[in-house]
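Chemist: Quick one: the structure is below, and I'll ask about it shortly.
The values are calculated or read from the model by the stated rules, or taken from the named source; none is laboratory data. Just so we're clear, the structure is a prediction, and the values are computed from it rather than from any experiment. Heads up, the Cβs are rebuilt from the backbone with ideal geometry, glycines too, and the neighbour counts pull from every protein chain shown. Only protein heavy atoms, including side chains, enter the accessible area calculation; ligands, DNA and RNA are left aside. Shrake-Rupley method; radii C 1.70, N 1.55, O 1.52, S 1.80 Å.
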Amino acid sequence: MPTVNLPEVTIAYDEFGAADAPPVALICGCGQPALAWQVGVVAALVAAGYRVVTFDNRGVAPSSSPPAPYTVDAMAADALGLLDHLQIPVARIAGHSMGGWIAETLAARHPDRVRAAAFLGSCNPPTSWEKAITTVERDLAHLDYDLPRLFYATETLRYLPNKDLQDDAVVDTWLMLIGDQEPWSNPGRLGQYEACLAWSTDPEHGTAWSAIAVPCLVMAYEHDVDSPPARAREAAAMIPGARYVEIPDTSHLAPFTHADAVGAALVEFFAAT
């Protein structure tokens, strides 16, 4: 996996598709490995004729983990540094969860570098749940203690819809896939959760939406507890000309559980930009 050395961090990345195709950068959520994009979203974009760049944010191996704290702004600078390294002056971008906040920052502050931006399960006025759970995660990270691996697996499972959590076959399949993952260690874990909490509790949250000038897609998922559709629609209405898409019967994990639907929505949006 190639890497690029930036001022504070080493970023690991991958590329897919033809080198001369229009570029799309996919930006990961909190703790998400870039490999997860390959479940289906990468294939859909490559099949549609795009050059796709994926990378691991600072704090997630094989990218490096500089000392905390991290900020969304710093991770947006990392993304720009990678695009500079790859000699990509302008790209379409899509970010999931925390990655959507990074994409939002790039669209608002660097419109000359963004052809179009898609915010997946991320663009919304913060909810009480989002702020509470992120505070808990930040505080656990401060303890710097590796909890049982099953705890980390159930952290992911909590994002599934209730009907899936009540289906033993679904839960057992997920546990088989992620139940033995290595604990996410500091400083990356603490750094990313501090960045997420700072974003969610920022009193100026959302003030940049009305000034975003690049084409935007706000993608919501019917059963998403972190970015509920009603809140996502509210945010989309504040972004000039933004398109809103809601994918039914999905949760916060939709880019990985329903990659075909997410990929198709991204291809349709990017084709219009």
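Chemist: Condition first: touching a helix residue (DSSP H, G or I) at 6+ places or on another chain (Cβ under 8 Å), under 19 Å from residue 122 (Cα atoms) and surrounded by 21 or more Cβ atoms within 10 Å (Cβ to Cβ). Can you find one or more residues in the range 77-87 that meet it?
Modeler: Taking the range 77-87 first, the residues touching a helix residue (DSSP H, G or I) at 6+ places or on another chain (Cβ under 8 Å) are 79-80, 83.
From what is left, the residues that are under 19 Å from residue 122 (Cα atoms) are 79.
With the extra rule that they be surrounded by 21 or more Cβ atoms within 10 Å (Cβ to Cβ), the set shrinks to 79.
Among the residues of the range 77-87, at least one is touching a helix residue (DSSP H, G or I) at 6+ places or on another chain (Cβ under 8 Å), under 19 Å from residue 122 (Cα atoms) and surrounded by 21 or more Cβ atoms within 10 Å (Cβ to Cβ), which makes the answer yes.
Chemist: Which condition number does residue 160 fail, the rest of (1) open to solvent by 50 Å² or more (accessible area, probe 1.4 Å); (2) aliphatic (A, V, I, L, M); (3) within 22 Å of the chain's Cα centre (by Cα) being met?
Modeler: (1)
Chemist: Confirm whether residue 249 is assigned to a loop (DSSP other than H, G, I, E, B), within 27 Å of residue 38 (Cβ to Cβ) and of a type outside the set (Ser, Thr, Tyr).
Modeler: For residue 249, the condition - assigned to a loop (DSSP other than H, G, I, E, B), within 27 Å of residue 38 (Cβ to Cβ) and of a type outside the set (Ser, Thr, Tyr) - is met.
Chemist: Which one of these is modelled with pLDDT under 95 and either assigned to a helix (DSSP H, G or I) or closer than 18 Å to residue 252 by Cα (or both): 220, 195, 153? Even if it seems obvious, please write down each step before you answer.
Modeler: Working: 220 fails: modelled with pLDDT under 95; 195 fails: modelled with pLDDT under 95.
None of the others qualify; the one that does is 153.
Chemist: Name the pairs: first residue in the range 41-65 and under 26 Å from residue 183 (Cβ atoms), second residue open to solvent by 30 Å² or more (accessible area, probe 1.4 Å) and of a type in the set (Ser, Thr, Tyr), Cβ to Cβ under 7 Å, at least 6 apart or on different chains?
Modeler: That search, which allows pairs on different chains as well, returns 58/64; 58/65; 59/65; 63/10; 64/10.
Chemist: Could I ask something else about it? Kindly establish whether residue 218 is more than 22 Å from residue 152 (Cβ to Cβ) and crowded, with 22+ Cβ neighbours inside 10 Å.
Modeler: In short, yes.
Chemist: Could you figure out which of (1) open to solvent by 30 Å² or more (accessible area, probe 1.4 Å); (2) at pLDDT 95 or above; (3) in a loop (DSSP other than H, G, I, E, B) isn't true of residue 123?
Modeler: Among (1) open to solvent by 30 Å² or more (accessible area, probe 1.4 Å); (2) at pLDDT 95 or above; (3) in a loop (DSSP other than H, G, I, E, B), the lone unmet condition for residue 123 is (1).
Chemist: Of the residues that make up the range 14-27, is at least one touching a residue at least 40 places away in the same chain (Cβ under 8 Å) and open to solvent by 50 Å² or more (accessible area, probe 1.4 Å)? Show your work before the answer.
Modeler: Of all residues in the range 14-27, those touching a residue at least 40 places away in the same chain (Cβ under 8 Å) come to 14-15, 22-27.
Now restrict to residues that are open to solvent by 50 Å² or more (accessible area, probe 1.4 Å): 15, 22.
Yes.
Chemist: Within the range 6-47, which residues are farther than 20 Å from residue 102 by Cα, more than 18 Å from the chain's Cα centre (by Cα) and assigned to a loop (DSSP other than H, G, I, E, B)?
Modeler: 17, 18, 19, 20, 21, 22
Chemist: Quick check on the range 146-174: of everything there that is of a type in the set (A, V, I, L, M, F, W, C) and in contact (Cβ under 8 Å) with a residue 24 or more places away in the chain, which residue is farthest from residue 258 (Cα to Cα)?
Modeler: The extreme case among them is 147.
Chemist: Moving to a separate point now. Quick check on residue 68: is it surrounded by 24 or more Cβ atoms within 10 Å (Cβ to Cβ), of a type in the set (Gly, Ala, Ser) and under 28 Å from residue 127 (Cα atoms)? Spell out the reasoning first.
Modeler: Working: surrounded by 24 or more Cβ atoms within 10 Å (Cβ to Cβ): no; of a type in the set (Gly, Ala, Ser): yes; under 28 Å from residue 127 (Cα atoms): yes.
Taking the combined requirement at face value, the residue does not satisfy it.
Chemist: So, in the range 48-63, of the ones that are within 18 Å of the chain's Cα centre (by Cα) and surrounded by fewer than 20 Cβ atoms within 10 Å (Cβ to Cβ), which residue ends up nearest to residue 32 (Cα to Cα)?
Modeler: Quick first cut of the range 48-63, residues within 18 Å of the chain's Cα centre (by Cα) only: 52-63.
Of the ones still in play, those that are also surrounded by fewer than 20 Cβ atoms within 10 Å (Cβ to Cβ) are 61-62.
Working: 61: 10, 62: 12 Å.
That would be 61.
Chemist: Can you tell me which residue is surrounded by the most Cβ atoms within 10 Å (Cβ to Cβ) among those in the range 126-150 that are modelled with pLDDT of 95 or more and of a type in the set (Lys, Arg)?
Modeler: 138
Chemist: If you go through the range 175-192, how many residues are surrounded by 15 or more Cβ atoms within 10 Å (Cβ to Cβ) and either over 22 Å from residue 56 (Cα atoms) or out of contact with any helix residue (DSSP H, G or I) (no Cβ under 8 Å at 6 or more places or on another chain) (or both)?
Modeler: Just the residues of the range 175-192 that are surrounded by 15 or more Cβ atoms within 10 Å (Cβ to Cβ), to begin with: 175, 178-179, 184, 186-192.
Of the ones still in play, those that are also either over 22 Å from residue 56 (Cα atoms) or out of contact with any helix residue (DSSP H, G or I) (no Cβ under 8 Å at 6 or more places or on another chain) (or both) are 175, 187-188, 191.
Within the range 175-192, residues that are surrounded by 15 or more Cβ atoms within 10 Å (Cβ to Cβ) and either over 22 Å from residue 56 (Cα atoms) or out of contact with any helix residue (DSSP H, G or I) (no Cβ under 8 Å at 6 or more places or on another chain) (or both) number 4.
Chemist: Enumerate the pairs (first residue in the range 89-105 and at negative phi and open to solvent by less than 10 Å² (accessible area, probe 1.4 Å); second residue anywhere and of a type in the set (D, E, K, R) and not in a helix (DSSP H, G or I)) with beta-carbon separation below 7 Å, excluding pairs fewer than 6 apart on the same chain, so at least 6 apart or on different chains.
Modeler: 91/115
Chemist: Looking at (1) open to solvent by 40 Å² or more (accessible area, probe 1.4 Å); (2) touching a Cys at 6+ places or on another chain (Cβ under 7 Å), which is the one condition that is false for residue 242?
Modeler: (1)
Chemist: Same structure again: Residues 227, 251: which one is among the polar types (S, T, N, Q), under 24 Å from residue 91 (Cβ atoms), touching a strand residue (DSSP E or B) at 6+ places or on another chain (Cβ under 8 Å) and crowded, with 19+ Cβ neighbours inside 10 Å? Can you show your working first?
Modeler: Values: 251 fails: under 24 Å from residue 91 (Cβ atoms).
Step by step, each of 227, 251 is checked, and only 227 is among the polar types (S, T, N, Q), under 24 Å from residue 91 (Cβ atoms), touching a strand residue (DSSP E or B) at 6+ places or on another chain (Cβ under 8 Å) and crowded, with 19+ Cβ neighbours inside 10 Å.
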